[in-house]
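One structure is given here, and the rest of the page talks about it.
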Amino acid sequence: MLLPRSTVHTARQRASRYLYVDGFSTLIAGLGCLLMALQLFYSRDGRTTPISLLVSLLILFAYLAIMLRQREIVEWLKTRITYPRTGFAIPPGFEDDSVVHADLALLTVDETESNRLSEMRQVYADKKRRMLFMIVAVLLAIFGSMLIPNRWFYVASGILMSAGVWTATRRDQPLSWLILAGFPLVGIGMATFLSDRVVGPDRGAYLLATAGSLFFLDGVLTLIRYLRRNPLPRPTQS
Amino acid sequence: MSGNGIKDLSSLDRMIHEPARLMIVTLLYAVEEADFVYLQRECALTQGNLSSHLSKLERVRYLTISKAFKGKYPLTLCRLTKKGRQAFEGYSATLRSVTKASAV
């Protein structure tokens, strides 16, 4: 490839990281984990009064709304907070697969475009691989905590979750030490202080709750940092 | 590219060679599209300066500028055209071959 790889690569990386500069994605992911943990905690007693069912349904609805509409929620927040401050950019590989395939069909004759699209496909494939690893690691950590009665498995879960998040995000967004160091530390804390009476799904719920809290806290701190560094510019004529 | 070493420098695309425009084109090459505010922040150019360079690049059809809205937020979107991408790749290829040839 004949491009000044380092410059373009840096610009590309900055654009990819720009998606996470405001912390909204992390914040919303944390909120989703917290709601899921709340649902697990709330439903464990098997309460069947109409009010408890309604609350349970509301939590479930909020959780599903966040999980299914995560991108739209983040985009809505960005439109009001991020774009007026620091602008808008679509990094490569961010659009849907279908868009890329349509482009590919149209532009395969063009070397420049086909190079670009094959790079985008590589980015997609790499991202998918990393996300898959994270999902497997997180599921192993949560279900392992539920099924393996050893309390020190929390530490292993923390390390597993930390490794999963690190693998999934290291190329796209700045690594947060709060999350990377937080998971193992919380695992040690839970192994040390959590009662032996906490068993089964409750163990998974505790793990989810701490993961959610860490993501949420990291998102809030990133947002505060972002807002302090980038005050809303005064409107001027462009 | 003729492979004449130092003489190839004369064939560099002057539209891209100007530092501010090179910054803009490099940034746009790295993304699908970006808006005016993003480019201004990344390139650290004034509004007028950026605007003038964008107009020049648009005039030679290296990029397209379109107005859009995201919610109520107006966007001035810039996207490199196929011609612009090819020009940037040609420019970087020439520059690379020259620097390679003149390396000691």
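The values are calculated or read from the model by the stated rules, or taken from the named source; none is laboratory data. Source: prediction; values computed, not measured. Glycine also receives a Cβ, built like all others from the backbone with ideal geometry; neighbour counts cover every protein chain displayed. Each accessible area value is taken on the protein alone, full model and side chains, heavy atoms only, with ligands, DNA and RNA left out. Shrake-Rupley method; radii C 1.70, N 1.55, O 1.52, S 1.80 Å.
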Report summary line: Between the modelled labels at B:Ser10 and B:Thr64 (7 Å from Cα along Cα→Cβ) the distance in nm is 3.7
**Report entry** Square roots of five times the Cα gyration tensor eigenvalues for the protein assembly as shown, Å
**Finding:** 47, 23, 18
Query raised in the report: How about the range B:22-71: which of its residues lose at least 30 Å² of accessible area in the presence of all protein chains relative to their chain isolated, using a 1.4 Å probe?
Result: B:Thr26, B:Tyr29, B:Ala30, B:Val31, B:Glu32, B:Glu33, B:Val37, B:Tyr38, B:Arg41, B:Glu42, B:Gln47, B:Lys70
**Report entry** Summed buried accessible area for B+A [probe radius 1.4 Å, Å², rounded to 100]
**Finding:** 2800
Query raised in the report: Per residue of B:89-95, what is the mean number of Cβ atoms on other protein chains within 10 angstrom of that residue's Cβ?
Result: 4
Report summary line: Between B:Arg79 and A:Arg234, the two model label points (7 Å from Cα along the beta-carbon direction) sit apart by a distance in nm of 3.5
Query raised in the report: Going out from 0 in 5 Å bins, what whole percent of all Cα-Cα distances in the range A:161-218 drops into each bin?
Result: 4, 17, 28, 23, 14, 8, 4, 1, 0
Report task. Beyond 17 Å, what share of the Cα-Cα pairs of chain B is found? Please give it as a whole percent. Result -> 54
Query raised in the report: Taking R0 as 56 Å, what's the FRET efficiency between A:Thr192 and A:Ser118 from their Cβ-Cβ distance, rounded to 0.05?
Result: 0.65
Report summary line: Reported to the nearest 10 Å², A:Leu27 has, with a 1.4 Å probe, an accessible area equal to 30
Query - Sum of -39500 (n - 2.57) over DSSP H runs of 4+, divided by residues of the protein assembly as shown (222 nm, nearest 500) - result: -23000 deg cm²/dmol
Query raised in the report: Distance in nm between label sites at A:Val220 and A:Met67, each 7 Å beyond Cα in the beta-carbon direction?
Result: 2.4
Query raised in the report: Can you give the average number of partner chain beta-carbon atoms within 10 Å of each beta-carbon in peptide A:120-127, as a whole number?
Result: 0
